[in-house]
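Just so it is clear, none of the values below were taken in a lab; they were calculated from the coordinates. The model shown is predicted, which means the values in this text are computed figures rather than measured ones. Don't worry about glycine lacking a Cβ; one is built from the backbone with ideal geometry, like all the others, and counts go over all protein chains shown.
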Amino acid sequence: MYQLNDEQINLIKNEVERQDIHLGHLAADLLDHICCEIEEQIWQGQKFQTAFNNVLNLIGNDGLTQIQNDTLYLTDKKYRTMKNLLKIAGVAGMALISAGALFKIDHWPGANVLFVLGFFLLGAIFFPVSIFTIRKESSKPESPVIYGSALIGGLLTIFAPMLKVLHWPGANLFFLVGYALLGIVFLPLMLNSLLKNTKDNFFRSTYIVGAISLFFCLAGSLFKILHLPGAFILVLTGSLSLTMLFLPLYTYKVSSASSRIPTSYIFLVIGILYFNLFNLLLSIH
Amino acid sequence: MISNNFIKGLIKPIILKLLAENGKMYGYEITRKVEDLTEGKIKLTFGALYPILHKLEADGIVGTETEMVSNRARVYYLLTEQGKFSAREKIAELEDFVSTLSKLINPEPGLLPCTS
């Protein structure tokens, strides 16, 4: 039987590391399994690169990460409970907010109750639980300040639109503190952590461009809430640089690093689109 | 090829039976053995195999031994003392399930409906 050399094993190891496999000895399991699959195919007459691509296609996009999450789901009761809660709170929260919007448009009674319940499920359950699961799935959890600022800043910016829709007091204060926390605490700390963990200079520059663009967007939204001049320019600059600079740079780097599109990239594009739309509408209004 | 829906609940007893018969085995070896014994009709994927192996390990049913083979670590799985008892139970359960299913699909002549 053919045996892979160190260089070939390292290529496979890079793929396992890229997918952040860190749970127990799962990385060793998967590395050995992939090596065995490739060795078998080479023995049957395939070239290494073809066999490697065949196995990668068999695994699929982020397939190893999925195996790790499934393993965590089966072996960790707390994680399992959180994952189930995440699904229920996410679906129920979105359904209640959609129903609330429909009731509000048609001036039916009960719209406010639906809104409050929906935002409560999303803000008080879905969002904190999703931060917990992200932390649990990560091999190197970030500092508690990063999770804390994301949690509080995120909660305030989730509840602020609810207060706004229901014409309750405090919406602007929630937006103000939420955006300030995200822009002044979370964003710089997250950027610092990304720069520390990234060796590639192109990626590092891309992250800096992304963080500055986001900062402009958040600052623009804050200016808008405080009725300060220049809000529209700030949001427009941030949104444009996010779409015209950060996204192309990031897309170029992601596509040159791997022929397959990671799921996180798709979420990032959708997230940027929604973020830009929301901020532009807020600043034009 | 047998549908994954049929196999899903049977992976655990299949793994336990193989470990009971072969002593220690590594992940890829288990998938190959299943494929060989079933003439390729049952294929265990990575995604199906490792979460269950790790669950069995977390429950104390299997233990692991790591060896360096061809410049990489290879993790072997083997039944623990508790696992041997659990394996006997699961295998008996599996055999009972297969014979019950067989009775259901191929009823004895006396149970066949009258066609004439």
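Loop-resident trypsin sites (Lys or Arg not before Pro) (DSSP state other than H, G, I, E or B) in region A:136-243 with no more than 12 further Cβ atoms inside 10 Å of their Cβ: A:K199.
With respect to chain A, whose longest principal axis is taken over its alpha-carbon atoms, helix A:77-105 is tilted by about 40°. Evaluate the relative contact order of region A:35-178 (contact order divided by residue number), counting alpha-carbon pairs under 8 angstrom at least 6 apart; express in whole percent. Computed over region A:35-178, the figure is 16 percent. Annotation for region B:21-116: GluC sites (Glu not before Pro) lying in DSSP loop with at most 15 further Cβ atoms inside 10 Å of their Cβ are B:E39. Averaged over the residues of A:33-44, the number of partner chain Cβ atoms lying within 10 Å of the residue Cβ comes to 3. Rounding to the nearest 10 and keeping the result within 0 to 90°, find how far the Cα-based axis of helix B:46-58 lies from the longest principal axis of chain B. The two axes meet at around 70 degrees. Taking each of B:K17/B:K43; A:K78/B:K12; B:K12/B:K84; A:K13/A:K47; B:K8/B:K55 in turn, the alpha-carbon distance tops 20 angstrom for A:K78/B:K12.
How many Cβ atoms of partner chains, on average, are near each residue of B:62-73 if near means within 10 Å of its Cβ? Show your work: numbers first, answer last.
Values: counts 0, 0, 4, 0, 3, 0, 0, 4, 11, 8, 12, 6.
Taking the mean over all residues of the peptide, I get 4.
When each of the peptides A:121-131, A:42-52 is scored by how many other beta carbons lie within 10 Å of its residues on average, the order from highest to lowest is A:121-131, A:42-52. The angle between the Cα long axis of helix A:127-137 and the main principal axis of chain A comes to about 20°, on a 0 to 90 degree scale. Spatially, region A:34-60 and region A:234-280 are offset by 33 Å when compared through their Cα centroids. Within the straight-line cut-off of under 18 Å between alpha carbons, the lysines reachable from A:K164 are A:K104, A:K224, sequence neighbours fewer than 8 places apart in one chain being disregarded. Since only A:L26, B:T80, A:F115 are under comparison, the one whose Cα sits farthest along the positive direction of the charge dipole of the protein assembly as shown, derived from C-beta charges on Lys, Arg, Asp and Glu, is A:F115. Counted by Cβ distance under 12 Å from B:L10, the other residues give a net charge of +2, where Lys and Arg count +1 and Asp and Glu count -1. Judged by the ratio a/c of the largest to the smallest principal axis of the C-alpha gyration tensor, region A:125-217 counts as oblate, that ratio being 1.5 or greater while a/b is no larger than b/c.
Partner shielding of A:187-200 amounts to 0, given as the average count of beta-carbon atoms from other chains within 10 Å of each residue beta-carbon.
Of the trypsin sites (Lys or Arg not before Pro) found in region A:48-107, not one falls in a DSSP loop while having at most 13 other beta-carbon atoms within 10 Å.
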